[in-house]
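A.B. asks: Mind looking over this structure? Questions follow.
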Amino acid sequence: MNCLETLSYGNSILKSNNIDSYKLDSELLLANVMKMSREELLINLQEQLDRIKLNKFKKLIDRRKRKEPIAYIFKKKEFWKFNFAVDNNVLIPRPETELIVEEVLKLTNFKSSKHFLDIGTGSGCIILSIIKERPSSIGTALDISKKAIKIATSNAKMHHIQNKVKFVNISVDKYLGSKYDFIVSNPPYINSIEYNRLEMNVKFEPHVALKAGVDGLSVVKKLILKSKNLLKINGKLIFEVGSKQMIQVINLLKKNGFYINRVCKDFQSIPRVIISTKII
Ligand code: GLN
């Protein structure tokens, strides 16, 4: 079989299993097997596949057909300007989370020397992107999952900033740190009912990174209470919020002595990231 025929085989299997991105996914999976970029593959469609490559492709199609995310199949995901290693112990970095990085960059400059705390770091994508962009700053990152800390640490090494970011395997409740200039977080914020309605591919991701009690706010409440103690006066708390939670979150922040600077909308115009300042 040549690549063109193999692609149409992949397309038909993924399509009949309701994978919306069937065409793109088949191309990415075949390009990976052929050790080519997607662009190279598309201009070499007549190239023949040997039996080993064909079997490899069939196995990958089989995983994707069961809704396993492409990022877990390839064990990597791009976020901001960088690549991060991921596996099913960490959430797959989402484009809307890049808003946190973007806002931090607006509030600092290349020479800023600040101390950042990332609560629930997962793959480390947020804190590592920030420290890459602000090399005179340092970071501390917490996660309750030991396996996540392992991945985040290896991502720090991959980006040569392991000396600037300290990873701690601890729950935010127990953490007693110094005073930070910035706290960033993409906490779990999905309630139990919403979780059950999520698409199958999301269920490959760790529950602990997504689910947050019956109202979806259990972790956000802890995050706000802890940030009150961990931030310097005028320090900023910047985090991602679930759709439909923004008003409740704003009230919680105000009640706890935070000033609301800004709310950023994501690509679907959903209020998604909040920037607040500890004023008392
Ligand atoms: N900070 C990580 C991310 O944004 C993990 C977030 C989480 O596990 N809730 O991808």
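The values are calculated or read from the model by the stated rules, or taken from the named source; none is laboratory data. From a predicted model like this one, the values you see are computed outputs, not experimental measurements. Reconstructed Cβ throughout: ideal geometry from the backbone, glycine too, with neighbour counts over all protein chains shown.
A.B. asks: Please determine whether any residue of the stretch 73-89 is away from the ligand (no atom under 16 Å from the Cβ), touching a residue at least 12 places away in the same chain (Cβ under 8 Å), out of contact with any strand residue (DSSP E or B) (no Cβ under 6 Å at 6 or more places or on another chain) and aliphatic (A, V, I, L, M).
C.D. replies: Initially, the stretch 73-89 is screened for residues away from the ligand (no atom under 16 Å from the Cβ), giving 73-74.
Next, from what is left, pick out any that are touching a residue at least 12 places away in the same chain (Cβ under 8 Å): 73-74.
Among the residues that remain, those that are also out of contact with any strand residue (DSSP E or B) (no Cβ under 6 Å at 6 or more places or on another chain) are: 73-74.
Those left that are additionally aliphatic (A, V, I, L, M): 73.
Among the residues of the stretch 73-89, at least one is away from the ligand (no atom under 16 Å from the Cβ), touching a residue at least 12 places away in the same chain (Cβ under 8 Å), out of contact with any strand residue (DSSP E or B) (no Cβ under 6 Å at 6 or more places or on another chain) and aliphatic (A, V, I, L, M), which makes the answer yes.
A.B. asks: Limited to the stretch 146-180, what total is found for residues that are more than 21 Å from LYS75 (Cα to Cα), more than 15 Å from the ligand (Cβ to nearest atom) and part of a helix (DSSP H, G or I)?
C.D. replies: Summing the residues that are more than 21 Å from LYS75 (Cα to Cα), more than 15 Å from the ligand (Cβ to nearest atom) and part of a helix (DSSP H, G or I) in the stretch 146-180 gives 2.
A.B. asks: Then there is this: List every residue pair whose Cβ atoms lie under 7 Å apart, where the two residues are 6 or more positions apart in sequence or sit on different chains, the first residue falls within the stretch 144-161 and is closer than 22 Å to VAL219 by Cβ and touching a residue at least 60 places away in the same chain (Cβ under 8 Å), and the second residue, located anywhere, is more than 11 Å from the ligand (Cβ to nearest atom) and not basic (Lys, Arg).
C.D. replies: Taking only residues 6 or more apart or on different chains, the pairs are ILE144/SER171; ILE151/ALA85; ILE151/ASP87; ALA152/PHE167.
A.B. asks: If a residue must be out of contact with any Lys or Arg (no Cβ under 7 Å at 6 or more places or on another chain) and among the aliphatic types (A, V, I, L, M), how many such residues does the stretch 1-33 contain?
C.D. replies: Matching residues across the stretch 1-33 total 5.
Results for (1) of a type in the set (S, T, N, Q); (2) modelled with pLDDT of 95 or more, shown as yes or no for each residue.
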| site | (1), (2) |
| --- | --- |
| ARG134 | no, yes |
| ILE144 | no, yes |
| TYR175 | no, yes |
| TYR180 | no, yes |
| PRO187 | no, yes |
| SER192 | yes, no |
| LEU198 | no, no |
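A.B. asks: Ok, one more. Among the helices (runs of 4 or more DSSP H) lying completely within the stretch 23-95, list those that include at least 3 residues that are crowded, with 16+ Cβ neighbours inside 10 Å.
C.D. replies: Where helices (runs of 4 or more DSSP H) fall fully within the stretch 23-95 and carry at least 3 residues being crowded, with 16+ Cβ neighbours inside 10 Å, they are 51-65, 70-74.
A.B. asks: Given the options ASP118, ASP143, name the one that is within 13 Å of the ligand (Cβ to nearest atom), of a type in the set (D, E, K, R), more than 23 Å from LEU24 (Cα to Cα) and in contact with a Leu (Cβ under 8 Å, 6 or more places away or on another chain). Outline the logic, then answer.
C.D. replies: Details: ASP143 fails: in contact with a Leu (Cβ under 8 Å, 6 or more places away or on another chain).
Only one candidate qualifies: ASP118.
A.B. asks: Could you run through the stretch 99-136 and say how many residues are in contact with a strand residue (DSSP E or B) (Cβ under 9 Å, 6 or more places away or on another chain) and either over 15 Å from LYS236 (Cα atoms) or aliphatic (A, V, I, L, M) (or both)?
C.D. replies: Residues that pass the stated criteria total 21.
A.B. asks: Keeping to the stretch 181-234, report how many residues are away from the ligand (no atom under 16 Å from the Cβ) and outside any helix (DSSP H, G or I).
C.D. replies: 8
A.B. asks: Say we look at the stretch 258-279 and pick out the residues that are of a type in the set (A, V, I, L, M) and in a loop (DSSP other than H, G, I, E, B); which of these is farthest from LEU231 (Cα to Cα)?
C.D. replies: First, the residues of the stretch 258-279 that are of a type in the set (A, V, I, L, M): 260, 263, 270, 273-275, 279.
Right, trim to in a loop (DSSP other than H, G, I, E, B) and you get 270, 279.
Details: ILE270: 27, ILE279: 10 Å.
Ranking the qualifying residues of the stretch 258-279, first place goes to ILE270.
A.B. asks: Looking at (1) surrounded by fewer than 14 Cβ atoms within 10 Å (Cβ to Cβ); (2) in contact (Cβ under 8 Å) with a residue 24 or more places away in the chain, can you tell me which one LEU7 breaks?
C.D. replies: So the condition that LEU7 fails would be (1).
A.B. asks: Then there's this: Go through GLY242, GLY213 for me and flag whichever is buried (at least 20 other Cβ atoms within 10 Å of the Cβ) and free of Cβ contacts under 8 Å to residues at least 60 places away in the same chain. So that I can check it myself, show each step before the final result.
C.D. replies: Working: GLY213 fails: buried (at least 20 other Cβ atoms within 10 Å of the Cβ).
The match here is GLY242.
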